[in-house]
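J.: Have a look at the structure that comes next, please.
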Amino acid sequence: MSGQRPGPSDHDAGWWRDDAQYREDAPYRDDASHHAAASYVAEPGRAARTGRPAPAAQPDGPRPGGRADARRAQQGRGPAPAPEAAGGGRVAAKAAAGRGKKKNRKKIVVWATVSTLAVIAATGGAIYWKLNGNISTFASDGLSKDRPAAATADASGNTPVNVLLIGSDSRGGDNKNLGGGGDIGARSDTTILLHVYADHKHAVGISIPRDALVSIPPCKLPNGTWTKPQTNVMFNSAFAVGDTDQGNPACTQNAIEKLTNLRVDHTIVVNFEGFATMTAAIGGVPVCMPNAIYEGDLDPNLGHKGKQIFAKGEQTVAGQQALDYVRLRHGVGDGSDIGRMKRQQAFLSSLIKSVKSKGMDPTTLLPLADAATKSLVVDKGLGSAASLMSFALSMKSIDLHNIKFITTPWKYDGPRVALVHPDTEELFAALRADRTLDGEDASGGSKSPAPAASATSQAAPTPAETVDPGTVKGAGTRVAVYNGTTTGGLTAKAAGTLKASKFVVTTTGNASSQNHATTVVEYGPGEKSAAQSVAALFPGATVESTGRAGVSLVLGKDYAAGNGGDSGTTTSSAAPGPLPTSVSAAARSADDDPCANVSYG
């Protein structure tokens, strides 16, 4: 199809309001005119991003009475000159310039997170304080109380990591001029779930269509109350819950965990702030257009074709032109958001490739790191430069070909998007089992055997002592239960068995990998006897020392064979194989030709 699709993002966006009504005729909301300034004004301080009161403004210069003045006094140079009065100086000049220049800026949702992490990994500890000051965090009290279990580490300490990347087009403050309308609050026009496999040699980014109809669990509102569960509503409405300029990343995270049954370890919200500077700092990003693009394509409300802004074929874009590329919908393919997601994936691929190819020189990349962190709002677990660097370093060895991008299987449902079943479930089952799109096991291996000869090595798994299950008494021993297979419902059954013998089940969930052939009870120092008591309840289970405190039961396919699935067969316990070709063939690698797979329809 061609032309504009009706109601790309506003339909049912306010379902959580008491007075909201379902609307079939959602108004069209498109991008604003592209005649915008080449450099962008940042949101006015941290308060705009976090809702916390901004600190009192400081004068433009050294703080009187500080250490700098003390050094000057010792050297006989006297104190630093006082800052200029409020009526003059650089701050006033910038303010005057801003008042005299109409802000005609465009809407843009830009994904620069991967390059941000790579840059932070390259910068030294000397700039941590500066970068830390740029980063804003959101509270975790809005996360669901019913979440998937966190992945457990294998014997080498490796776990898969799920990072939710949200592109925000907030209309708050100066951003309202970028959104093409007067709506309050924020929308998530782009959402990618990045799954880094436990082997840390593979990663895949799953794009979720913003118009996809999904179920959204209860979400916390700014007044402290919680919404009711919703079904068949647009995915991007989750981020808008509460109508705040910061959006609601916790609600979007709740929706993703509900959809995927994967626990999100970290969430990163990225807006357009600093993006033009970032792309210019790396010398631009190679992109490709299947056909020439004109001003009228970028702004359908222009009323005429206008000048050409993109030529057909490969080209390098930076700054304003990079913004235009990632926001463009019309004039390519069917003009839908699906095609735009493909170009955003291609852009991210080229961005990653460019950053890696240019090296990690802190001198040249410091401006990029500074601009990038200013555009981030993250969970508290990533709320420091050190945390971001640690995550970046965990990804630095992933080959470009092993970084994939794919869109959740979908189909049009009138003006909206419906997720395709069972393809969607198979995709997320593969991620839970740490299987790549082509079926490769990237879990880093199930529990690794210990080295043969080492005084400090962990003990290899040993068979549990034969004990009559009827005599086992848990006596309050605390046990975590994890499903090491893809058969559903096993942890609940195993937890019931443990509770019947007076064990205390502390948590249940999926293991870090779901291809365990046999059931294993892992234990820490001094807990072997407790582990053997647990194993006695599960015939064939072995016990294994891990060096980590606590007792964990990891259920294997042997347990699933007798307890898994409605059919009562062992088929469901097998690790998932390759995804249907209709799904895997649509993926792109970070090293793909930039002209490949950049439009739809």
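J.: If we scan segment 224-240, do we find a residue that is surrounded by fewer than 18 Cβ atoms within 10 Å (Cβ to Cβ), closer than 15 Å to LYS145 by Cα and touching a Lys or Arg at 6+ places or on another chain (Cβ under 6 Å)?
T.: yes
J.: Does segment 191-201 include one or more residues that are over 20 Å from PHE391 (Cα atoms) and surrounded by fewer than 24 Cβ atoms within 10 Å (Cβ to Cβ)?
T.: No.
J.: May I pose another question? Being at pLDDT below 90 and under 30 Å from ILE338 (Cα atoms), is that true of even one residue in segment 441-457?
T.: yes
J.: When both residues are 6+ apart or on different chains and their Cβ atoms are under 6 Å apart, which pairs have a first residue that lies in segment 484-503 and is of a type in the set (D, E, K, R), and a second that is assigned to a loop (DSSP other than H, G, I, E, B) and buried (at least 16 other Cβ atoms within 10 Å of the Cβ)?
T.: Every condition considered, the pairs that remain are LYS502/GLY474.
J.: Let me ask another. Among the residues in segment 270-290, are any among the hydroxyl-bearing types (Ser, Thr, Tyr) and modelled with pLDDT under 90?
T.: yes
J.: A follow-up question, please. For segment 459-470, does any single residue satisfy the condition of being in contact with a helix residue (DSSP H, G or I) (Cβ under 8 Å, 6 or more places away or on another chain), of a type outside the set (A, V, I, L, M) and modelled with pLDDT of 90 or more?
T.: Scanning segment 459-470 turns up no residue that is in contact with a helix residue (DSSP H, G or I) (Cβ under 8 Å, 6 or more places away or on another chain), of a type outside the set (A, V, I, L, M) and modelled with pLDDT of 90 or more.
The values are calculated or read from the model by the stated rules, or taken from the named source; none is laboratory data. Keep in mind that what you see is a predicted model, and the values were worked out from it rather than measured. Positions of Cβ are generated from backbone atoms using ideal geometry, with glycine treated the same way; all protein chains shown enter the neighbour counts.
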